[in-house]
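Values quoted throughout were computed directly from the atomic coordinates according to the rules given, and no laboratory measurement underlies them. These numbers come from a predicted model, not from an experiment. Neighbour counts are summed over all protein chains in view; Cβ atoms, including those assigned to glycine, are modelled from backbone coordinates with ideal geometry.
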Ligand SMILES: *Cc1c(COP(=O)(O)O)cnc(C)c1O
């Protein structure tokens with residue numbers, strides 16, 4: 001158990017008056033969680049303090065060599081005004097996997113969950129009341145050693161900030177167009193694709209910008225070796241329903257093991273669908289589309305839950321899916337997951353955890 005000191009702000013901010021205008025990750029709550037690490041001393045001084053800028057030496061390791069990892073999760077307000085988290089132990093365990101790859105000291109799963117729980121408790125009034133809106137939680141760890149040598153830092157800060165965020169689909173679920181990236185890659189075997197590290201995103205921005213300029217919402221990444229097999233989209237995993245079966249890339253090093261992905265797979269199998277985790281060639285997906293067998297395509301991630309895809313473009317070929325509408329399985333996954341998260345449906349798998 002962490003002994004978390006709490007210092008409350010003397011100047012609380014006004015809560016957003018119009019929750020429909022929140023957007024995503026633009027405003028932050030009154031407090032943040034901090035904990036320091038120093039080699040020889042371990043993680044220490046866990047505290048909740050007023051939200052404020054960091055003062056850091058310009059020679060900090062994180063600024064130059066990007067030794068940094070993060071997580072993304074949400075707190076949901078239910079109809080009876082309890083606040084709950086969704087599978088926080090999965091995020092805690094994943095942050096340990098990211099830590100291991102980036103040579104960052106691990107935070108025990110129970111300490112991570114306790115830190116999130118205590119911060120959300122302090123910020124409970126910031127958890128939105130509007131249907132579909134939630135408190136986005138961003139835990140992150142970064143290296144603070146001062147000096148320009150490339151090495152694992154001996155000092156780190158673990159921080160958690162919270163951003164009340166609006167309903168992702170405020171204007172209804174809108175299927176998106178996806179650009180299959182044929183030049184740039186996001187990950188390769190032996191690299192950091194399975195971790196949530198800032199560097200992965202830095203390397204992906206260019207492809208995302210180019211796709212956006214052409215009117216595509218996201219990039220679909222192919223494997224980094226042959227550029228043949230589908231891996232994931234932007235900040236989501238991706239699934240394909242072809243001839244009744246669901247296909248998704250296996251999480252074997254180059255693909256981020258999404259909590260939403262895992263939950264979708266567990267639900268789909270529970271409903272009797274065959275889910276195949278493995279290599280799926282983009283050429284075969286385009287072929288299935290030509291044969292009329294590409295039934296549904298959707299991304300999965302904490303922010304959107306599921307994001308239906310209406311069009312894929314690969315080289316010069318376009319695949320159009322479901323006449324531009326969300327498919328029935330995608331819709332059922334969306335309804336079931338959001339139902340469990342916002343406490344409108346029973347939670348038969350024990351995925352939610354009440355903040356208390
Ligand atoms: C966070 C993330 C996902 C989705 O993970 P969830 O746990 O479902 O939110 C997928 N891909 C990438 C690259 C990510 O960073």
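Modelled label-to-label distance, residue 266 and residue 27, 7 Å Cα→beta-carbon offset: nm?
For residue 266 paired with residue 27, the spin-label model returns 3.4 nm.
Gaussian network model of the chain, Cα springs within a sub-10 Å range: biggest mean-square fluctuation belongs to which of 79, 159, 17?
For the chain, modelled as a Gaussian network with Cα springs under 10 Å, the answer is 17.
Going by Cα centres, the range 319-356 and the range 296-313 are how many Å apart?
Centre-to-centre (Cα) distance: 13 Å.
When a/c reaches 1.5 or more, the comparison of a/b and b/c decides; with that in mind, is the range 195-337 rounded, prolate or oblate per its Cα gyration tensor?
Rounded shape, in that the Cα axes give a/c under 1.5.
Could you let me know the centre-to-centre spacing of the range 184-206 and the range 1-74, using Cα atoms, in angstrom?
Cα centroid to Cα centroid, the span is 24 Å.
For the pair residue 152 and residue 38, how long in nm is the line joining their label points, each one 7 Å along Cα→Cβ?
Once both label points are built, they end up 1.9 nm from each other.
What is the fewest-to-most order of 314, 221 by other Cβ atoms lying within 10 Å of their Cβ? Can you show the working numbers first?
On the way: 314 20, 221 26.
So the ranking, lowest neighbour count to highest, is 314, 221.
Would you mind telling me which residue in 11, 192, 78 has the biggest mean-square fluctuation in a Gaussian network model of the chain, where springs connect alpha carbons within a distance under 10 angstrom?
Greatest mean-square fluctuation among the candidates belongs to 11.
Suppose R0 equals 41 Å. What FRET efficiency, 1/(1 + (r/R0)^6) with r the Cβ-Cβ distance, do residue 6 and residue 171 give to the nearest 0.05? Could you put the intermediate results ahead of the total?
Details: r = 39 Å, r/R0 = 0.94.
Using R0 = 41 Å, I get an efficiency of 0.60.
Suppose we look only past 17 Å in the calculated P(r) of the range 262-356. What percent of the Cα-Cα pairs does that tail hold?
On the way: 2606 of 4465 pairs.
The share of Cα pairs beyond 17 Å in the range 262-356 comes to 58 percent.
For each of 305, 62, 109, 219, count neighbouring Cβ atoms within 10 Å of the residue's Cβ, then give the residues from fewest to most.
Details: 305 26, 62 19, 109 16, 219 23.
The order, fewest Cβ neighbours first, is 109, 62, 219, 305.
How much length is gained on full extension from residue 277 to residue 291, taking 0.36 nm per residue of separation minus their Cα-Cα distance? Please list the in-between numbers first.
Numbers: separation 14, 0.36 × 14 = 5.04 nm, distance 2.22 nm.
Roughly 2.8 nm would be gained on extension.
Which value in nm describes the separation of the simple spin-label points at residue 202 and residue 79, placed 7 Å from the Cα toward the beta carbon?
Placing both labels 7 Å beyond Cα along the Cβ direction yields 4.8 nm.
If one takes the longest principal axis of the Cα atoms in the chain, at what angle in degrees, from 0 to 90 and to the nearest 10, does the Cα axis of helix 109-122 lie?
80
Would you mind ranking 68, 183 by Cβ crowding within 10 Å, fewest neighbours first? Please report the intermediate quantities before stating the final value.
Working: 68 20, 183 9.
Arranged by neighbour count, lowest to highest, 68, 183 become 183, 68.
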